[in-house]
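Novice: Right, I'll just put the structure down here and ask away after.
What follows is calculated from the coordinates using simple rules that are stated; it is not laboratory data. Since this is a predicted model, take the numbers as computed values, not measurements. Please note: Cβ atoms are built from the backbone with ideal geometry, for glycine as well, and neighbour counts cover all protein chains shown.
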């Protein structure tokens, strides 16, 4: 075991969980043991909530310009320890070092945005009558919780940590039990940056802690990122307990390729979108709809896919179960008549034989009724569906129950606008394979890719992490009493 056993982080200290149950943390890179993670119980969560409640009055009473100073320092520490954090991310998640570096760079951008919040939440004030003023201000909620997935061990936690805390809340973070190490490092950096004890806490665990967070009467809001199946459960359970909730689920993102698309640019973008982070991202291209004759572009996509080598520029999938599940999708599609143009099954990396790798896979002649065309695979696999018209392509995209992202590759601006206006997705790209908005624009899909109002990042997150206080003041008694007072 390379690292010491993972601990919870409560009231500014790393502490052992009260529960003695643990899980092994295994590196998907080569199968070696990294650590163990505790499966905490409700008592552990209560300790974290009590610490957060105790810290809240002092933290929330600070002016936001003082609170964000912590995140100026945190940003500097992320820059200082970028390589260390990236290496840890690669070890526990399996992505390439280049992808992990990009992930930490995104954490830095997210933190930069949080430092700008004082300029974004200044309230409004208006003299509504002679001597009478109305004003608004954003007030923090109290103790909030964030439940995060395995695919971005550092970035997704930082979707919520800087904004929620800078806005005056105190947070409980529940990392994925598959990748708990980066979150521990983040906690240490926040403490070094001067965040007061109790403002940020980590409780490790599995489904028991997720349920306890949804049920805890002192937690005011819950954010979740994971599969749609679990997102629905979390959203329903949290809101049934009168909490604010936003739950991001899965995706089945469609890239529509038109015959006039620039072949080389399109092929590079499609291949990168389907294989980046081993396809384990909710913005990955999972289905490509070829409109008309795009055979030449498909050939180039296959050539680009063959340049993506497991263990070199393609990372591992998270574990053995994920590898088996992904490969079963490929085999089933082949059995049902699809044609495997590039086959990533049975991938092995020399010297890392116990790693869990799936090579890039391109499947052609997929029909909309096949599972590979409908379900989230979460691996480096793209299914090609062929259509004759743009309207047929839009109909297929609209039939998909998810709504995270969609893209079109074309040089026709009018056609791009037409498809954009008809696609049922919250994030859209034109000649962009992964249309993730940059800060301050917010991240969030539609349909069964998101449950709740607003988005989880950017300016939209302000409304989620705060409540609006409205005040009316009158200082002119000579005005007498009227219909307003």
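Novice: Would you calculate the separation in nanometres between label points at residue 32 and residue 82, each defined as 7 Å from the Cα along the Cα-to-beta-carbon direction?
Specialist: Distance between label points: 2.6 nm.
Novice: Using Cβ contacts closer than 10 Å as the measure, can you line up 329, 418, 357 from fewest to most?
Specialist: 418, 329, 357
Novice: What is region 253-293's relative contact order, in percent, from Cα pairs under 8 angstrom and six or more apart in sequence?
Specialist: That works out to 62 percent.
Novice: Rounded to the nearest 500, what is the chain's calculated 222 nm mean residue ellipticity when only DSSP H runs of at least 4 contribute -39500 (n - 2.57) each, over all residues?
Specialist: Value at 222 nm, helices only, nearest 500: -12000 deg cm²/dmol.
Novice: Taking region 134-188, how much of its Cα-Cα pair set, in percent, is spaced more than 14 angstrom apart?
Specialist: 54 percent
Novice: So for region 253-430: antiparallel DSSP bridges make up what percent, rounded to the nearest 5?
Specialist: Just about 10 percent of them are antiparallel.
Novice: Taking 0.36 nm per residue of sequence separation and subtracting the Cα-Cα distance, how much length would be gained by fully extending the chain between residue 3 and residue 241, in nm to one decimal?
Specialist: Working it through step by step, the gained length comes to 81.9 nm.
Novice: Let me check I have the definition right: for region 398-463, take the eigenvalues of the Cα gyration tensor, multiply each by 5, take square roots. What are those semi-axes in whole Å, largest first?
Specialist: Each semi-axis is the square root of five times an eigenvalue, giving 22, 15, 9 Å.
Novice: Take the Cα of residue 421, step 7 Å along the line toward its Cβ, and report every residue of region 278-316 whose backbone nitrogen sits under 20 Å from that point.
Specialist: Zone members listed by number: none at all.
Novice: Could you tell me how many degrees, from 0 to 90 and to the nearest 10, lie between the Cα long axis of helix 42-61 and the main elongation axis, the longest principal axis, of the Cα atoms of the chain?
Specialist: 60 degrees
Novice: Continuing with this model, one more query. Ranked from highest to lowest mean number of other Cβ atoms within 10 Å per residue, what is the order of the peptides 25-38, 374-387, 243-256?
Specialist: Those peptides, ordered most packed to least, come out 243-256, 374-387, 25-38.
Novice: What FRET efficiency, computed as 1/(1 + (r/R0)^6) with R0 = 22 Å and r the Cβ-Cβ distance, is obtained for residue 18 and residue 197, rounded to the nearest 0.05?
Specialist: Efficiency, from the Cβ-Cβ distance: 0.70.
Novice: So, R0 is 41 Å and r is the distance between the beta-carbons of residue 325 and residue 428; what FRET efficiency does that work out to, to 0.05?
Specialist: 0.90
Novice: Sticking with this structure for a sec: Using Cα pairs under 8 angstrom and six or more residues apart, how large is the relative contact order of region 253-430, in percent?
Specialist: It comes to 29 percent, rounded to a whole number.
Novice: Looking at the square roots a ≥ b ≥ c of the eigenvalues of the Cα gyration tensor of region 292-352, which shape do they give, rounded for a/c under 1.5, prolate if a/b is larger than b/c, or oblate?
Specialist: Oblate, since a/c reaches 1.5 and b/c is not below a/b.
Novice: What percent antiparallel are the DSSP beta bridges of the chain, to the nearest 5?
Specialist: In the chain, approximately 40 percent of DSSP beta bridges are antiparallel ones.
Novice: Right, something else. Quick one: grab the alpha carbon gyration tensor of region 26-104, order the square roots of its eigenvalues as a ≥ b ≥ c, and give me rounded if a/c is under 1.5, else prolate or oblate depending on whether a/b is larger than b/c.
Specialist: Because a/c hits 1.5 or more and a/b fails to exceed b/c, region 26-104 counts as oblate.
Novice: Work out the FRET efficiency for residue 135 and residue 227 from their Cβ-Cβ distance, taking R0 = 56 Å, and round it to the nearest 0.05.
Specialist: FRET efficiency, residue 135 to residue 227: 0.85.
Novice: Quick check: residue separation of residue 215 and residue 295 times 0.36 nm, minus the Cα distance between them. What number comes out in nm?
Specialist: Taking 0.36 nm per residue and subtracting the Cα distance, the gain is 23.5 nm.
Novice: More than 29 angstrom separation, counting every C-alpha pair in region 60-212; what % is that?
Specialist: 23 percent
Novice: For the Cα atoms of the chain, what angle does the longest principal axis make with the long axis of helix 97-115, in degrees from 0 to 90, nearest 10?
Specialist: Roughly 30 degrees between the two axes.
Novice: Any idea what % of Cα-Cα pairs in region 326-475 are farther than 24 Å?
Specialist: 50 percent
Novice: Which translational diffusion coefficient, to the nearest whole µm²/s, is obtained for the chain from the Stokes-Einstein equation, given a Kirkwood hydrodynamic radius over C-alpha pairs, 10 °C and 1.306 mPa s?
Specialist: 67 µm²/s
Novice: Could you bin all the Cα-Cα distances of region 192-310 into 10 Å bins starting at 0 and give me the percent of pairs in each, rounded to whole numbers?
Specialist: With a bin width of 10 Å, the distribution comes to 12, 29, 20, 19, 16, 5, 0.
Novice: Hey, could you pull the Cα Rg and Dmax for region 253-430, both in Å?
Specialist: 15.4, 51
Novice: Shifting gears a bit: Between residue 369 and residue 208, with labels modelled 7 Å along Cα→Cβ, what's the label distance in nm to one decimal, could you check?
Specialist: Each label point lies 7 Å from its Cα, and together they span 4.6 nm.
Novice: By how many degrees, 0 to 90 and rounded to 10, does the Cα axis of helix 155-166 deviate from the longest principal axis of the chain?
Specialist: Its long axis makes an angle of about 10 degrees.
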